[in-house]
1. Here is a check on your reading of the model: is T172 of a type in the set (S, T, Y) and surrounded by fewer than 22 Cβ atoms within 10 Å (Cβ to Cβ)?
2. Only one of these is in contact (Cβ under 8 Å) with a residue 60 or more places away in the chain and touching an Asp or Glu at 6+ places or on another chain (Cβ under 7 Å): S443, S393, S380. Name it.
3. Return the residue satisfying two criteria in turn: it lies in segment 130-169 and is closer than 17 Å to L112 by Cα and small (G, A, S), and of such residues it is surrounded by the fewest Cβ atoms within 10 Å (Cβ to Cβ).
4. Just to be sure before I move on: is P611 at pLDDT below 85, closer than 30 Å to M90 by Cβ and not assigned by TED's automatic domain parsing to the domain that holds I155 in the structure I sent?
5. Looking at segment 121-139, can you tell me whether even one residue there is modelled with pLDDT of 90 or more, outside any loop (DSSP other than H, G, I, E, B) and within 23 Å of E540 (Cα to Cα)?
6. Considering each of V65, V103 in turn, give the residue that is more than 27 Å from K185 (Cα to Cα), at pLDDT 90 or above, hydrophobic (A, V, I, L, M, F, W, C) and in contact with a Leu (Cβ under 9 Å, 6 or more places away or on another chain).
7. Of all residues in segment 64-102, which are part of a helix (DSSP H, G or I), closer than 20 Å to L166 by Cα and in contact (Cβ under 8 Å) with a residue 12 or more places away in the chain?
Amino acid sequence: MKSQICINNLIRSFKVGDDKIEALRGVNLEIQKGEFVVVYGPSGCGKTTLLSLLAGLDQPTEGSVEVTGINIFKLNSNDLAKYRRTRVGMVFQQFNLIPTLSVLDNVAMPLLLSGVGRGLAYKRAREILRVLDISDRARHKPSQISGGQQQRVAIARAIIQNPGILLVDEPTGNLDVEAGTEIMKLLHMINRKWGRTVVLVTHNPDYTQLGDRIIYMEDGRITKEEVGRKITAESEDVDSVKYFGTKKGGSLRFWEIFRISKVHFLSKRLRTFLTVLGVALGVGSILTLVSLGVGLQGITSSQLASLDALVTVNISLSKDSIKKLDDKAVSELSGISGVTMVSPTLNYPAKVTYGSSTGQLLLDGVKENALAFEGVSLESGRNFQTDDEVVLSKAVLKSFGITNSDAILNKNIDLGLLYVPADSADLQNYKEIKLIKKVVGISSDDTISTAYMSLLAVVSMTGNNSYSTLKLKVDNRDHVEQVRNKADNLGYQTTSVVDLIKRVDRVFLITEIVLGVIGGVALIVALIGIVNIMTISLLERTHEVGVMKAIGATNRDIRKIFEYEVFLFGFWGGLTGVVGAWIFGFAINSLVAYLMKSGGIGGTMQVFTTPVSFAIEMIVLTVLVALLAGLYPSRLASKLSPMEALRYE
């Protein structure tokens with residue numbers, strides 16, 4: 001009969017400092033299917049080293065281990081992980097349960113590592129726990145149950161995939177006599193009733209009587225063999241043990257990795273809180289400073305230009321230009337694609353008399369439909385509609401000591417328009433045209449004394465159609481540059497408030513970058529903290545990583561668990577920072593609004609403006625940088641040798 005396990009010239013040596021220690025010295029052994037083999041010998045004789053090599057947890061210096069004809073040391077890392085998960089079950093002296101997971105999760109883990117769904121894995125785990133008489137502890141953590149119960153859980157985990165071989169290392173070493181006896185009965189049942197091959201390592205001579213064969217070891221060698229009872233395995237209890245095959249390349253599912261990562265993320269709550277807080281402060285600093293820059297930029301831009309000003313092109317002439325700002329220019333500029341209005345104005349100094357008071361003002365001749373485009377905002381009344389009507393600025397009323405606009409609305413005022421005739425060579429030869437106009441509207445400008453009236457009436461009175469200014473209204477801000485280029489090609493000079501806004505935008509962009517860099521220093525410090533935390537976490541969980549690998553976790557599984565945990569640090573840190581920055585900005589904006597309202601100041605002022613896209617980008621960036629920060633610890637964890645990790649305390 002072909003052996004199930006064939007060990008050929010197995011040598012394992014270790015180097016400790018300058019000394020070479022030979023744990024195994026040419027071990028040869030064959031084990032038949034269904035045997036109960038007891039490996040007996042004193043501590044340090046190489047028993048556990050032999051078992052770890054059978055489990056694929058370690059690599060030999062020389063020799064081979066063939067299981068059903070396959071040399072396990074020629075398997076790649078993924079196939080070796082699958083071997084540990086499905087072909088053999090390992091029971092440790094120290095139980096090696098994952099302390100942060102429940103009993104049910106610990107038992108189901110080999111199935112979860114194979115890609116089996118949680119529902120099916122839990123169903124199978126509950127069946128095994130019921131068979132081993134520990135189902136009432138399924139929701140407990142390992143620390144909440146006794147040593148004997150923990151060993152039962154460890155056995156349940158080892159047999160859940162129904163492996164053909166059960167490797168057991170000193171299973172009663174940490175148990176009292178009664179619990180130890182129960183565990184040995186359980187192992188005997190698994191061998192005799194289910195027909196599983198059991199390799200038991202022990203230094204207790206009382207347990208040698210359980211074996212079909214007893215292998216005696218001393219100083220890394222097999223010194224002798226004894227035959228115990230005959231192999232008379234009973235029929236397998238298929239109702240108690242059901243096998244769930246694993247798909248090729250099976251591994252932990254996304255949600256299972258995420259769930260395990262979340263458990264670890266929440267296991268050290270204070271440390272997690274402080275780390276997330278550090279990341280949040282870094283992100284919040286960047287977002288707050290940039291939001292301040294964007295807010296100030298918005299306030300400045302709104303002060304520089306109204307909506308109409310953003311689509312306005314001012315037309316002027318160079319000193320040597322032969323063109324004029326006249327009706328021909330108006331007609332020429334009106335033909336440019338994208339121009340919806342050409343607004344000419346004529347400006348003259350004038351005197352104004354109301355009652356017994358006389359003052360000075362500027363008289364503007366404006367098209368009646370262009371008053372708002374020229375930046376005139378009516379506070380009361382209406383726009384002029386006839387040549388006999390006029391709109392005054394609030395500053396004119398102040399010069400007359402009038403506080404209520406109703407006192408002058410629909411009243412007549414005397415205007416004296418002062419101009420130099422076009423045919424006069426003497427620029428000091430002013431003429432005055434006396435006008436009587438009805439006040440129909442008051443503009444909100446309280447700084448410059450101005451009167452607005454019909455442009456055609458001013459042209460008719462002065463005989464001058466060489467306008468003081470020309471403005472073009474463009475249909476869309478995106479077309480302003482195109483219109484300016486065409487006007488420039490026609491020989492005009494153009495300016496726009498957009499030029500100033502662009503310069504302001506560039507200044508604020510630089511400011512925002514500088515502010516972002518300053519805040520970024522805090523984020524970098526926080527991310528260095530993530531590297532430290534994950535490195536510390538790896539040191540704390542090195543043994544756990546060894547356990548996970550021992551029960552079949554692949555390098556990818558381990559790496560993903562650490563990466564997802566880092567993702568949680570980055571995501572919650574980024575989200576908390578964004579929300580905190582928004583709350584801070586909202587509070588400041590609310591305070592400013594309250595102070596403005598209390599002071600009787602109209603309008604609104606958003607000191608902090610948080611771009612939604614930038615906030616989302618900050619969260620994504622924080623996650624990516626956090627993943628980068630956790631790259632080293634996660635890769636280091638995935639590359640750990642299972643046996644070295646298990647030995648780490």
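The values are calculated or read from the model by the stated rules, or taken from the named source; none is laboratory data. Everything numeric here is computed off the predicted structure, so don't read it as measured data. Cβ placement follows ideal geometry from the backbone for every residue including glycine, while neighbour counts extend to all protein chains displayed.
1. Details: of a type in the set (S, T, Y): yes; surrounded by fewer than 22 Cβ atoms within 10 Å (Cβ to Cβ): no.
Here the answer is no, as T172 does not meet what is asked.
2. Answer to the check: S443.
3. Step by step, filter segment 130-169, then rank; the result is A138.
4. Details: at pLDDT below 85: yes; closer than 30 Å to M90 by Cβ: no; not assigned by TED's automatic domain parsing to the domain that holds I155: yes.
Against the criterion (at pLDDT below 85, closer than 30 Å to M90 by Cβ and not assigned by TED's automatic domain parsing to the domain that holds I155), P611 does not qualify.
5. No, every residue in segment 121-139 fails to be modelled with pLDDT of 90 or more, outside any loop (DSSP other than H, G, I, E, B) and within 23 Å of E540 (Cα to Cα).
6. Of the residues listed, the single one that is more than 27 Å from K185 (Cα to Cα), at pLDDT 90 or above, hydrophobic (A, V, I, L, M, F, W, C) and in contact with a Leu (Cβ under 9 Å, 6 or more places away or on another chain) is V65.
7. Listed by number, the residues that qualify are I72, F73, L80, A81, K82, Y83, R84, R85, T86.
Let's see how each residue does on (1) buried (at least 18 other Cβ atoms within 10 Å of the Cβ); (2) among the charged types (D, E, K, R); (3) more than 30 Å from Y492 (Cα to Cα); (4) modelled with pLDDT under 90:
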| position | (1), (2), (3), (4) |
| --- | --- |
| Q297 | yes, no, yes, yes |
| D320 | no, yes, no, yes |
| S331 | no, no, no, no |
| V342 | yes, no, no, no |
| N347 | no, no, no, no |
| L362 | no, no, no, no |
| A372 | no, no, no, yes |
| L378 | no, no, yes, no |
| N404 | no, no, yes, yes |
